[in-house]
Ligand SMILES: Cc1cc2nc3c(=O)[nH]c(=O)nc-3n(C[C@H](O)[C@H](O)[C@H](O)COP(=O)(O)OP(=O)(O)OC[C@H]3O[C@@H](n4cnc5c(N)ncnc54)[C@H](O)[C@@H]3O)c2cc1C
């Protein structure tokens with residue numbers, strides 16, 4: 001965009017030239033890539049920082065609802081997303097790279113209008129931008145019970161697409177009641193697991209009717225309702241799982257070779273905690289018309305946000321909104337000047353007191 005580019009930074013009192021991007025996008029899943037493609041279309045000078053391409057889709061063996069494509073594997077989708085992004089003029093990419101913090105800086109430091117955000121990566125790079133789009137998605141939740149940490153990769157698994165084939169002929173417990181748990185059951189059944197115990201906290205499963213019917217009718221599947229897992233057993237590999245009935249105190253034990261934990265996901269939003277408003281679970285609140293967050297200049301979309309349905313196409317749509325809204329914001333930057341009243345105050349990590 002015209003007028004973007006370089007500002008004068010004086011972090012330690014001395015003046016120096018620093019690159020100022022129009023837009024930094026955090027994430028290389030469908031949300032981040034859609035934002036990148038549209039940012040390029042608007043001629044925004046854009047930097048994408050991502051740990052990988054494809055995000056959560058990488059573990060899907062078959063995606064049948066990416067619009068315009070009948071069926072595609074997660075790995076193929078990831079490659080298509082990467083190729084599409086790399087073909088964009090004006091978009092630079094840092095990958096693999098992890099963002100650890102986003103901070104608001106006073107634009108006065110840089111001698112330009114409007115707010116500037118500082119984005120710090122794990123390898124110690126610090127980049128500056130007028131806008132940031134959070135497209136960092138989500139990762140699986142953990143049970144947090146004894147034995148889980150110790151036995152990760154030794155029978156405790158989180159991705160059936162990746163690991164179900166190890167359990168042909170074996171006894172397995174699946175923990176969770178939603179679609180991801182039901183899909184885990186189906187993956188294990190396709191891979192010939194001998195016995196599958198579905199341990200659910202609720203009285204009944206909660207996924208889509210199709211998944212529930214398919215999974216629960218399989219002869220090798222036993223649904224255990226109202227079950228709270230208390231421990232995963234084993235020394236060097238999983239040998240069993242302990243659980244108690246929700247209402248009672250009796251501890252039950254199942255002898256199994258593996259435990260698949262499928263209890264949902266947790267947004268990757270630690271880097272902006274305190275900077276933008278989010279739910280207790282860390283889902284960023286956005287305006288669904290614009291992908292704006294509570295902080296001017298910061299946009300967000302996809303699984304990192306409070307969105308009822310978490311899907312690839314929805315993430316991509318949010319990414320488009322974020323880029324177009326960022327363009328509008330940058331076109332009117334003098335109207336926003338979010339740092340003007342804050343001057344030198346910096347906000348990072350934690351919510352400021354008062
Ligand atoms: C097993 C499984 C099957 C699914 N099947 C389907 C399906 O069939 N159809 C469908 O529509 N949806 C499906 N989904 C949901 C879909 O994968 C998500 O809705 C979608 O991936 C969200 O896209 P996203 O870009 O918001 O986040 P993600 O795909 O999670 O991507 C996040 C990106 O951010 C990066 N990142 C994270 N933290 C940082 C950081 N700190 N610094 C830098 N980069 C970071 C990641 O590396 C990644 O590139 C499935 C999900 C799972 C887990």
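Only one residue in 227, 262, 291 is within 23 Å of residue 154 (Cβ to Cβ) and either in contact with a helix residue (DSSP H, G or I) (Cβ under 7 Å, 6 or more places away or on another chain) or not assigned by TED's automatic domain parsing to the domain that holds residue 176 (or both). Which one?
262
Looking at the range 26-44, can you tell me whether even one residue there is modelled with pLDDT under 95, in contact with a strand residue (DSSP E or B) (Cβ under 7 Å, 6 or more places away or on another chain) and outside any loop (DSSP other than H, G, I, E, B)?
Filtering the range 26-44 for residues modelled with pLDDT under 95 gives none.
Checking the range 26-44: not a single residue is modelled with pLDDT under 95, in contact with a strand residue (DSSP E or B) (Cβ under 7 Å, 6 or more places away or on another chain) and outside any loop (DSSP other than H, G, I, E, B).
Hey, could you check the range 51-71 for residues that are assigned to a loop (DSSP other than H, G, I, E, B), buried (at least 16 other Cβ atoms within 10 Å of the Cβ) and touching a helix residue (DSSP H, G or I) at 6+ places or on another chain (Cβ under 6 Å) and say which is modelled with the lowest pLDDT?
60
In the range 238-253, what residues are more than 30 Å from the chain's Cα centre (by Cα) and assigned to a loop (DSSP other than H, G, I, E, B)?
If the condition is that a residue be more than 30 Å from the chain's Cα centre (by Cα) and assigned to a loop (DSSP other than H, G, I, E, B), then 239, 246, 247, 248, 249, 250 are the ones that fit.
Being at negative phi, in contact with a strand residue (DSSP E or B) (Cβ under 7 Å, 6 or more places away or on another chain), outside the structural domain of residue 75 (by TED's automatic domain parsing) and modelled with pLDDT of 95 or more narrows it down to one of 168, 173, so name that one.
Step by step, each of 168, 173 is checked, and only 173 is at negative phi, in contact with a strand residue (DSSP E or B) (Cβ under 7 Å, 6 or more places away or on another chain), outside the structural domain of residue 75 (by TED's automatic domain parsing) and modelled with pLDDT of 95 or more.
What's the total number of residues in the range 54-75 that are within 17 Å of the chain's Cα centre (by Cα) and near the ligand (Cβ under 6 Å from one of its atoms)?
Selection size over the range 54-75: 5.
Conditions tested, residue by residue: (1) surrounded by 14 or more Cβ atoms within 10 Å (Cβ to Cβ); (2) in contact with a strand residue (DSSP E or B) (Cβ under 6 Å, 6 or more places away or on another chain); (3) outside the structural domain of residue 297 (by TED's automatic domain parsing); (4) free of Cβ contacts under 8 Å to residues at least 12 places away in the same chain.
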position	(1), (2), (3), (4)
83	no, no, no, yes
88	yes, no, no, no
93	yes, yes, no, no
101	yes, yes, no, no
106	yes, no, no, no
112	yes, yes, no, no
123	no, no, no, no
131	yes, yes, no, no
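To keep it simple, each residue is scored yes or no on (1) free of Cβ contacts under 8 Å to residues at least 12 places away in the same chain; (2) out of contact with any strand residue (DSSP E or B) (no Cβ under 7 Å at 6 or more places or on another chain); (3) away from the ligand (no atom under 15 Å from the Cβ); (4) under 30 Å from residue 26 (Cα atoms).
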{"site": "220", "(1), (2), (3), (4)": "no, no, yes, no"}
{"site": "236", "(1), (2), (3), (4)": "no, yes, yes, no"}
{"site": "253", "(1), (2), (3), (4)": "no, no, yes, no"}
{"site": "256", "(1), (2), (3), (4)": "no, no, yes, no"}
{"site": "270", "(1), (2), (3), (4)": "no, yes, no, yes"}
{"site": "315", "(1), (2), (3), (4)": "no, yes, no, yes"}
{"site": "322", "(1), (2), (3), (4)": "no, no, no, yes"}
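Among the residues of the range 294-313, is there at least one that is within 11 Å of the ligand (Cβ to nearest atom) and in a strand (DSSP E or B)?
Yes: one or more hits.
What strands (runs of 3 or more DSSP E) lie completely within the range 76-180 and have 2 or more residues being more than 12 Å from the ligand (Cβ to nearest atom)? Break it down into steps so the answer makes sense when it comes.
Values: elements: 91-94, 99-105, 116-121, 126-134, 138-140, 171-175.
Of the strands (runs of 3 or more DSSP E) lying wholly inside the range 76-180, those with at least 2 residues that are more than 12 Å from the ligand (Cβ to nearest atom) span 91-94, 99-105, 116-121, 126-134, 171-175.
When residue 49 is evaluated against the numbered criteria (1) within 13 Å of the ligand (Cβ to nearest atom); (2) within 18 Å of residue 314 (Cβ to Cβ), which criterion, by number, is the only one it fails?
The number of the failed condition is (2).
The values are calculated or read from the model by the stated rules, or taken from the named source; none is laboratory data. These numbers come from a predicted model, not from an experiment. Glycine also receives a Cβ, built like all others from the backbone with ideal geometry; neighbour counts cover every protein chain displayed.
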